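Accompanying notes for the structure given below.
The values are calculated or read from the model by the stated rules, or taken from the named source; none is laboratory data. A quick note: this is a predicted structure, and the numbers were derived from the prediction, not measured. Here Cβ is always computed from backbone atoms with ideal geometry, including for glycine, and neighbour counts include all displayed protein chains. Remember, those area values only see protein heavy atoms, side chains included, never the ligands or the DNA or RNA. Shrake-Rupley method; radii C 1.70, N 1.55, O 1.52, S 1.80 Å.
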Amino acid sequence: MKKTYVAGSLMLVMALMMAGCGGGDKKPDAPKKDAPKAAAATDTVMLYSSMQEDQLNAVKKAFEKKYPNIKMDYYFAGTGKVKTKIFTEAKGGQVAADVIWVGDPADYIGFKADGKILQKYESPEAKNIDKAFIDPEGFYTGARMMNMGIAYNTTKVKKEEAPKTWNDLLDPKWKGQIVMTDPGTAGTTKYAVGALMASKDYGPAFFEKLKANGTELQSGTTASHNQIAAGAYKVGMCLDYVTNNLKAKGSTIDFVYLDKDIVSIFSPVALVKGAKNEKNGKLLIDFILSKEGQEVLVANNLLSVRKDVKQKGESAETIAKRAMKVDLQALATGSKDMLKQFDGIFKKK
């Protein structure tokens, strides 16, 4: 099979869709089993996302200011819960969202394969985004960049003492002081663990050593970051934007962009097949990918996928030089086995 390699740094994706109806005296044809149910459009748009709620609210506020006649509703939870909701609704005939925006780009390969979840949509804003972050078949487009590195509590760890590489976490001085998110509950951590597991430089042996050094798991991205900010743990495997959000609010936490093997994740946005509000869904996707929408994300500590948006802090180009190369197709197909192997290391009695 041809492998798709994604340099872990700038990356993005998206897509969305609609429905139809029939009437008159003529008895309508019986719907096809796999056909999405038609529904009347409304003046709303529904987004399913695993993004932090502060960022979702920022997007909602800016979108509703631009389109005052459209209300943006959203359902947010960890990626695992969002995916379960999506696949359950698809099995029932129709995903209730208009747009999907979760963290792990590998998940979109599964959404495409299902056949009932995604609708092709090429946003006019896609011309401003590198093709490496756009599905060649047009089902999704990268919409934000996130990076997995190491966070530390600034009252317990000096900047110069903080780990600078993944292997630095294996130093005995951090024993019992490391936390990470359970990859079964968060798509971004699942992506990062999958990338490290597949690497010849890390593999399962790295996680066995990490476990032996007293690393603890938290259920959900927010929880692991809050534990470091609160001083319950000194260091952990964390996301840049979640760390920076807490730091901006005065929390005693900071982020390290690693010297090498940063796991850079492009988070796609996509249109739902049979979307009740297809037109509004497309408008939301266009807004998220626009320069205006991307500036909202940057103001909220995310990296933009556009080159014409000024970033804060580290640039995407600088990060790209230190980012891991990731086989996206392999991550998607090997996800279940990877989680099973990880659980075997961290959750064995």
**Q.** Counted residues, region 114-131 - those being buried (at least 16 other Cβ atoms within 10 Å of the Cβ) and farther than 29 Å from residue 92 by Cα
**A.** 5
Q. Which members of region 234-252 meet the condition of being under 16 Å from residue 146 (Cβ atoms) and either in contact with a Ser or Thr (Cβ under 8 Å, 6 or more places away or on another chain) or open to solvent by less than 50 Å² (accessible area, probe 1.4 Å) (or both)?
A. 236, 237, 238, 239, 240, 241, 242, 243, 244, 245, 246
Q. Of all the residues that make up region 276-324, how many are open to solvent by 20 Å² or more (accessible area, probe 1.4 Å), farther than 21 Å from residue 238 by Cβ and among the hydrophobic types (A, V, I, L, M, F, W, C)?
A. 2
Q) If we scan region 257-270, do we find a residue that is in contact (Cβ under 8 Å) with a residue 24 or more places away in the chain, small (Gly, Ala, Ser) and assigned to a loop (DSSP other than H, G, I, E, B)? A) no
(Q) Can you say whether residue 273 is among the charged types (D, E, K, R), buried (at least 18 other Cβ atoms within 10 Å of the Cβ), in contact (Cβ under 8 Å) with a residue 60 or more places away in the chain and in contact with a strand residue (DSSP E or B) (Cβ under 8 Å, 6 or more places away or on another chain), as far as the supplied structure shows? (A) yes
Q: Report yes if some residue within region 141-154 is modelled with pLDDT under 95, crowded, with 24+ Cβ neighbours inside 10 Å and of a type in the set (Ser, Thr, Tyr); otherwise report no.
A: no
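Quick check: anything in region 235-246 aliphatic (A, V, I, L, M), free of Cβ contacts under 8 Å to residues at least 24 places away in the same chain and touching a strand residue (DSSP E or B) at 6+ places or on another chain (Cβ under 7 Å)? Spell out the reasoning first.
First, pick out the residues of region 235-246 that are aliphatic (A, V, I, L, M): 235, 237, 239, 242, 246.
Imposing the further condition that a residue be free of Cβ contacts under 8 Å to residues at least 24 places away in the same chain reduces the set to 246.
Cutting the leftovers down to touching a strand residue (DSSP E or B) at 6+ places or on another chain (Cβ under 7 Å) gives us 246.
Checking region 235-246: at least one residue is aliphatic (A, V, I, L, M), free of Cβ contacts under 8 Å to residues at least 24 places away in the same chain and touching a strand residue (DSSP E or B) at 6+ places or on another chain (Cβ under 7 Å).
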Q: With the checklist (1) at pLDDT 95 or above; (2) under 21 Å from residue 221 (Cα atoms); (3) touching a helix residue (DSSP H, G or I) at 6+ places or on another chain (Cβ under 8 Å); (4) open to solvent by less than 10 Å² (accessible area, probe 1.4 Å) in hand, flag the one item residue 162 doesn't pass.
A: (3)
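Restricting attention to region 120-142, and to residues there that are among the aliphatic types (A, V, I, L, M) and not in a strand (DSSP E or B), which single residue is farthest from residue 291 (Cα to Cα)?
So in region 120-142, the residues among the aliphatic types (A, V, I, L, M) come out as 126, 129, 132, 134.
Pick out the ones that are also not in a strand (DSSP E or B) and you get 126, 132.
Details: 126: 11, 132: 19 Å.
The extreme case among them is 132.
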Q: Output the helices (runs of 4 or more DSSP H) that fall wholly within region 166-233 and possess 2 or more residues being charged (D, E, K, R) and either within 19 Å of the chain's Cα centre (by Cα) or surrounded by 23 or more Cβ atoms within 10 Å (Cβ to Cβ) (or both), or say none.
A: none
